[in-house]
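Reading through the structure tokens given below for one structure.
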Amino acid sequence: MYLWQMSQKIKNQAQILQKLGIEALNPMQEQAKLAIHSVAEVLLLSPTGTGKTLAFLLPLIAELDPSCKEVQALIIAPSRELAIQIEQVIREIGSGFKTNVFYGGRNMSKDRMELSTRPAILVGTPGRIADHFDREAFPLDDIKFLVLDEFDKSLEVGFDEEMSFICAALKNIKKTVLTSATNDAAIPDFLSFDKPLVLDFLGDKIESLHLKRVISPEKDKLKSLIQLLSNVGDQPGIIFCNYKDTIKRISKHLSEAGIKHGSFYGGMEQIDRERALIKFRNGTHQLLIATDLAARGIDVPEISFIIHYQLPHRLAEFTHRNGRTARMHNEGTAYVLHWQEDVLADFIDIPEVLELEEKPIPSPSPWTTLFISGGRKDKISKGDIAGLFFKQGDIRKEQLGKIELKTDCAFVAVKTKKLAALLDKVNNSKLKKKKVRITEI
């Protein structure tokens with residue numbers, strides 16, 4: 001019986017990796033999977049972008065009980081974006097287990113409706129999950145698996161009480177997994193960890209990360225920023241700032257220069273943050289101007305470079321920002337853009353200085369993002385959307401970009417040059433049984 005179960009798990013894992021387009025797990029994921037299967041308490045430390053989400057999801061899904069009708073696994077994330085990303089990975093895996101994601105700012109009536117049929121896996125932010133616990137919205141007795149993803153970030157942003165309340169309410173936990181991209185934070189007392197197995201991959205060097213300084217002759221670095229972006233060329237990257245006012249100022253300057261971009265910071269409306277990430281992922285925007293909110297957890301793959309426009313205050317922030325590029329063996333560059341009279345922190349020791357040349361500004365992206373007013377709840381699939389655009393929209397495969405399917409809507413990238421004729425052909429069409437609006441965002 002045991003051998004049969006093991007063979008099924010291996011088979012299921014192979015199917016999951018095939019769906020995700022991954023040939024094999026990396027060493028961290030292999031060790032994490034084995035550890036989580038073997039012991040009750042695991043602390044997983046690994047740099048941003050190394051695949052921690054998949055590392056804990058594979059053993060979690062393998063140990064769920066298909067016959068149980070209640071919530072069995074709870075995954076807590078510090079931000080809405082990370083919670084949504086985790087839920088999206090679970091859906092892409094195609095686990096067969098109902099999964100929902102709850103977070104602050106989301107309509108509570110949607111949560112209640114989704115809880116009418118219990119998810120096996122519940123993903124959420126500490127505040128919203130604590131709220132449901134306080135309301136006794138669903139039974140907790142069957143929750144056996146707890147993951148605190150980027151747990152130190154949740155503590156850092158002030159969710160101590162909520163996390164303590166959640167952990168105290170869970171009486172039947174059999175496995176607890178904590179993840180972090182730093183070893184700075186201590187395990188909080190409310191967890192009562194006995195002897196956790198610590199998997200520390202933070203010492204792994206990122207050989208493909210290149211660090212360079214760019215010196216601005218002026219205290220106002222906007223002109224040097226444009227020059228740097230022109231030297232970097234048409235590549236995806238993130239410009240990191242410390243304050244939202246700086247982001248707004250840079251955004252205005254880039255718009256005046258004709259450089260398309262998105263913005264991402266804590267004060268934005270949730271829908272605007274989500275759409276900024278969608279446009280960045282599908283290539284409509286090559287640039288994202290962001291605070292450190294974007295340094296950890298969010299799904300922004302294949303970043304060629306990052307720019308420290310405002311210098312981070314701590315080594316941890318510097319490390320997390322740099323971790324957005326040179327991921328999973330890809331090449332990447334981190335640029336420190338500073339005024340020539342700035343005094344750099346001790347941890348910013350970068351001898352190589354990039355001399356900027358006069359070059360044209362980056363070309364605009366050839367992609368545009370469209371919104372579709374139907375999603376998973378309407379039984380619409382990515383294949384349905386692609387079929388509509390190919391057949392009725394009369395576009396070729398290479399003119400259709402990334403499709404992101406949500407619960408009640410979808411987003412798709414299309415080549416801008418096809419936009420005008422395409423919208424006339426596909427807007428107000430039927431997908432499955434729903435008439436959908438298709439508009440540019």
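Filter segment 45-74 for residues that are more than 24 Å from GLU317 (Cα to Cα) and not in a helix (DSSP H, G or I) and give the result. Result: GLU63, LEU64, ASP65, PRO66, SER67, CYS68, LYS69, GLU70, VAL71, GLN72, ALA73, LEU74.
For segment 353-373, which positions are over 20 Å from LEU400 (Cα atoms) and either in contact (Cβ under 8 Å) with a residue 40 or more places away in the chain or of a type in the set (A, V, I, L, M, F, W, C) (or both)? Matches in segment 353-373: VAL353, LEU354, LEU356, GLU357, GLU358, LYS359, PRO360, ILE361, PRO362.
Number of residues in segment 266-282 that are closer than 21 Å to ILE226 by Cβ and over 14 Å from the mean Cα position of the chain (by Cα) equals 0. Screening ARG376 against (1) charged (D, E, K, R); (2) more than 30 Å from LEU422 (Cα to Cα); (3) out of contact with any Asp or Glu (no Cβ under 7 Å at 6 or more places or on another chain) leaves a single unmet condition, (2). Scanning segment 258-295 for residues that are of a type in the set (Val, Ile, Thr) and either more than 18 Å from GLU440 (Cβ to Cβ) or touching a helix residue (DSSP H, G or I) at 6+ places or on another chain (Cβ under 7 Å) (or both) yields ILE259, ILE289, THR291. All but one of (1) closer than 18 Å to ARG376 by Cα; (2) in contact with a Lys or Arg (Cβ under 9 Å, 6 or more places away or on another chain); (3) at pLDDT 95 or above hold for GLY94, so report the exception by its number. Of (1) closer than 18 Å to ARG376 by Cα; (2) in contact with a Lys or Arg (Cβ under 9 Å, 6 or more places away or on another chain); (3) at pLDDT 95 or above, only one is false for GLY94: (3). Within segment 265-314, the residues that satisfy the criterion of being surrounded by 17 or more Cβ atoms within 10 Å (Cβ to Cβ), part of a helix (DSSP H, G or I) and touching a residue at least 40 places away in the same chain (Cβ under 8 Å) are ARG273, GLU274, ARG275, LEU277, ILE278, LYS279, PHE280, ARG281, ASP292, LEU293, ALA294. I need a count of the residues in segment 222-252 that are hydrophobic (A, V, I, L, M, F, W, C), farther than 23 Å from GLU357 by Cα and in a helix (DSSP H, G or I). Residues that pass the stated criteria total 1. Would you check if ASP342 is within 24 Å of LEU222 (Cα to Cα) and at pLDDT below 95? So ASP342 fits the description; yes. Of the residues examined, SER381 is one that is modelled with pLDDT under 95 and within 23 Å of the chain's Cα centre (by Cα). On inspection, LYS391 fails the criterion of being free of Cβ contacts under 8 Å to residues at least 12 places away in the same chain and closer than 28 Å to ALA276 by Cβ.
For segment 28-54, filtering for residues that are at pLDDT below 90 and over 14 Å from ASP149 (Cα atoms) leaves 0. Among the residues of segment 167-186, those identified as buried (at least 18 other Cβ atoms within 10 Å of the Cβ) and in contact with a strand residue (DSSP E or B) (Cβ under 7 Å, 6 or more places away or on another chain) are LYS175, THR176, VAL177, LEU178, THR179, SER180.
The values are calculated or read from the model by the stated rules, or taken from the named source; none is laboratory data. Computed from a predicted structure; not experimentally measured. Neighbour counts run over all protein chains shown; Cβ positions are idealised from the backbone, glycine included.
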